[in-house]
Amino acid sequence: MRHSVALTIFSILSTATAEASLIWNGDASGGTGVFKQIGSNCASPGSVTVASDGTYGSVFRYNKPSGSDRCESHGITVGGSGYVFQNGSTYYMGWRYKLSSTVDNNAQFQWKVFPAPGPAGLNWPLALKVVGNRAVMLNRKGINPDTTYEVYEIWSAPITANTWNHMVVGAKLSGVRDGGWVEIWLNGVQQTLLGGTTRWNCRLYDTEHVCPKWGVYGAMNDTVIDYVHALRIGTTVSDALPPGGGTPTPTPVPRATITPTPTSPGPTATPTATPSFSGYYRIMARHSGKAAVVQSAATVNSADVVQWTYGGSATNDEWEVRSIGSGYFRVINRNSGKDMVVQSASTAEGADIFQYAYGGSATNDEWAIVSVGSGYFRITNRNSGKSAEVVGSGTADGADIVQRTYVGGTNQQFQLVAVP
């Protein structure tokens, strides 16, 4: 009997400890009172209601009609009061969601600053949106000296309409630039983020109040419905999983190759491996089939990088891709020996990409090369977090190559083809 009592007490204590780390259970069966506010965030004829789903039972239904720019919930309630997220604390937020349409929009989830935009100009430090049939997570770090927003695309994955996906976002709050971090799981698998790591450093606290928002923001001209289920927030990743969700899967062991066998797109994670390269390659734009080249086979600093039909006697259309560790590469023109760089270490949209001698304190001459599937890659600058693209999706010889926030366009995707 003594052993039985001891085991019972241990079981009760273990259960209490596990529940203590769960801060909020936003089960739809509790109604919209689990949120701090809806109100003007979803004005009529938009609505946030509880609907019945054939698979998951009670779910929230965010209905954003055409002609409206948002239908969102704002914040959470715990014990009947609005919950205050604390600077310096770590939170894991989990939810399932299903969109009726994958039209481009501004957000299905935001980590939001109030009052906005806050002293550092963050406004929304995190935003999960749809661009080009991909779920894209953006991090806004602040405002550039030229008053443009300093925004980084830190993750993306394909998404399809009317398909359930489960997200977990881990967030360490800090009011110091890069003093906090974010981690992401998609359907139980931890994702690799910009820079080739599973944790992206950023600032997620900027004023007296920060909180999550779910629903639909943007897509003004379209009706979009976001179904949301299993909303949970806790202090461990397990807290954020749906009941019976099991243990999250760690990031897979890298197995990427330069030319993987094409696969059919679906609601799967962006490949997490850092690709392996050795030797020379032609870098071919997916949309045009043309190669990235140094204009006129120039060997001087600041010669422009453009697209051009591959071939000819010069080797200005071939590049050495050389690893420098930590998931980054130098991209070195074979003809000139100079590196592909972003002009003046700019972080601005549309900043030019040209060749220049490698070196210096900035990292605008270093690149992450991230698989987007089917043998294509995005080439993302280490300094700016923005990706190489052919301007305006041009297909003509001489179309310029610049940097811009990655949105999944085929003019931002490149095939690296080995050459002797």
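The values are calculated or read from the model by the stated rules, or taken from the named source; none is laboratory data. This structure is a prediction, so every number in the text was calculated from the model and none was measured. Heads up, the Cβs are rebuilt from the backbone with ideal geometry, glycines too, and the neighbour counts pull from every protein chain shown.
Details
- Residue check, Val169 of a type outside the set (Asp, Glu) and touching a Ser or Thr at 6+ places or on another chain (Cβ under 9 Å): no
- Against the conditions (1) under 21 Å from Ala127 (Cα atoms); (2) surrounded by fewer than 23 Cβ atoms within 10 Å (Cβ to Cβ), Gly394 satisfies every one except (1).
- Residues in the stretch 164-190 that are of a type in the set (Asp, Glu) and more than 15 Å from the chain's Cα centre (by Cα): Asp178 alone.
- Residue within the stretch 52-69 that is of a type in the set (Gly, Ala, Ser) and under 13 Å from Ile233 (Cα atoms) present: no
- When the stretch 13-50 is limited to residues that are surrounded by 10 or more Cβ atoms within 10 Å (Cβ to Cβ), modelled with pLDDT under 50 and of a type in the set (A, V, I, L, M), the one that is farthest from Thr77 (Cα to Cα) turns out to be Leu13.
- Of the strands (runs of 3 or more DSSP E) lying entirely inside the stretch 316-417, those containing at least 1 residues that are among the aromatic types (Phe, Trp, Tyr) and without any contact (Cβ under 8 Å) to a residue 40 or more places away in the chain are 319-325, 367-373.
- If the condition is being in a loop (DSSP other than H, G, I, E, B), crowded, with 17+ Cβ neighbours inside 10 Å and among the polar types (S, T, N, Q), then the stretch 160-186 contributes only Ser174.
- Filtered residues of the stretch 312-326 (kept if within 24 Å of Gly195 (Cβ to Cβ) and either buried (at least 20 other Cβ atoms within 10 Å of the Cβ) or more than 31 Å from the chain's Cα centre (by Cα) (or both)): Trp319, Val321
Here's the yes/no breakdown for (1) at pLDDT below 95; (2) surrounded by fewer than 15 Cβ atoms within 10 Å (Cβ to Cβ); (3) of a type in the set (Asp, Glu); (4) in contact with a strand residue (DSSP E or B) (Cβ under 6 Å, 6 or more places away or on another chain):
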| position | (1), (2), (3), (4) |
| --- | --- |
| Thr263 | yes, yes, no, no |
| Ala269 | yes, no, no, yes |
| Ser276 | yes, yes, no, no |
| Ala291 | no, no, no, yes |
| Ala297 | yes, no, no, no |
| Val331 | no, no, no, yes |
| Gly337 | no, yes, no, no |
| Met340 | no, no, no, yes |
| Ser344 | yes, yes, no, no |
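- Residue match in the stretch 205-218 (condition: crowded, with 21+ Cβ neighbours inside 10 Å and either on the phi > 0 side of the Ramachandran plot or outside the structural domain of Pro45 (by TED's automatic domain parsing) (or both)): yes
- Flag if Thr198 is at pLDDT below 90 and in contact with an Asp or Glu (Cβ under 8 Å, 6 or more places away or on another chain): no
- Hits in the stretch 389-404 - residues which are under 17 Å from Val131 (Cα atoms) and either hydrophobic (A, V, I, L, M, F, W, C) or modelled with pLDDT under 90 (or both): Gly392, Ser393
- Filtered residues of the stretch 108-127 (kept if touching a residue at least 24 places away in the same chain (Cβ under 8 Å), in a strand (DSSP E or B) and crowded, with 22+ Cβ neighbours inside 10 Å): Gln108, Phe109, Gln110, Trp111, Lys112, Val113, Leu126
- Of all residues in the stretch 132-153 being closer than 20 Å to Ser371 by Cα and surrounded by fewer than 20 Cβ atoms within 10 Å (Cβ to Cβ), the one that is modelled with the highest pLDDT: Asn133
- Restricting attention to the stretch 400-420, the residues that are touching a helix residue (DSSP H, G or I) at 6+ places or on another chain (Cβ under 6 Å) and farther than 23 Å from Asp104 by Cβ add up to 1.
- Among the residues of the stretch 58-76, just one is acidic (Asp, Glu) and in a strand (DSSP E or B), namely Glu72.
- Where a residue in the stretch 159-175 is at positive phi and its partner, wherever it lies, is part of a strand (DSSP E or B), with Cβ under 7 Å and at least six apart: Asn162/Lys98
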